[in-house]
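Everything on this sheet refers to the single structure shown next.
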Amino acid sequence: MEIIEQKNINIFNSPLEVGFRVLIILDAFYPRSLDLTYLTWFDHLVINSADFGGESSLHPKIPFRVGEILVKRNLIKDGLELMMKYRLIHIVNSNNGILYQATDESNFVIDLISSEYGINLKDRSNWLLNTFGEKSFSELKSVIEDKLGKWNVEFQNSYKDGV
């Protein structure tokens, strides 16, 4: 009998988890497309919604969570790549650079998500759209700086005026 090696697979903050979060955010904003900086900020806002005037946060308050945003960018890239492999997200080339958009088919997958966390994530993504969706890049940057500090924003190396 063949012995199967057990691998330690972490689903928390994995490309799968982050990819689904970003997919749900992009679906809430559909047909609008967002760049990596917006997605990084919006992912942080959605899981820490109570810090930004929303309902209870999806993730617990942990010390030094302001530093999360510094490592999120690469996790979000990995999550985007995974979702693009399954044709749930696609790239939009624009004058503003590379943007990401949910595909027409993504809502069928999102409709299948029925866990409590998934439903809450959909709700927080709609809150995100209604609360921050029309803010300019400068306004959103100011909100992030107020809560996370200017140094956190400065490490997000993609400054521009909106998407």
Filtered GluC sites (Glu not before Pro), region 13-117: DSSP coil and at most 12 other beta carbons within 10 Å: Glu55, Glu105
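For region 15-153, what's the relative contact order in percent, using C-alpha pairs closer than 8 Å and at least 6 residues apart?
Details: 167 pairs, mean separation 47.8, N = 139.
About 34 percent, as a whole number.
Using 0.36 nm per residue, how much length does the chain from Ala50 to Thr131 gain when fully extended, once their Cα-Cα distance is taken away? Working shown, then result.
On the way: separation 81, 0.36 × 81 = 29.16 nm, distance 1.26 nm.
Extra length available between Ala50 and Thr131 comes to 27.9 nm.
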Per-bin percent of Cα-Cα distances, region 15-153 [5 Å]: 2, 10, 21, 25, 23, 13, 6, 1
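Since every read-out is calculated from the coordinates, none of them should be taken as a lab result. Just so we're clear, the structure is a prediction, and the values are computed from it rather than from any experiment. Cβ sites come from the backbone with ideal geometry, for glycine too, and all protein chains shown count toward neighbours.
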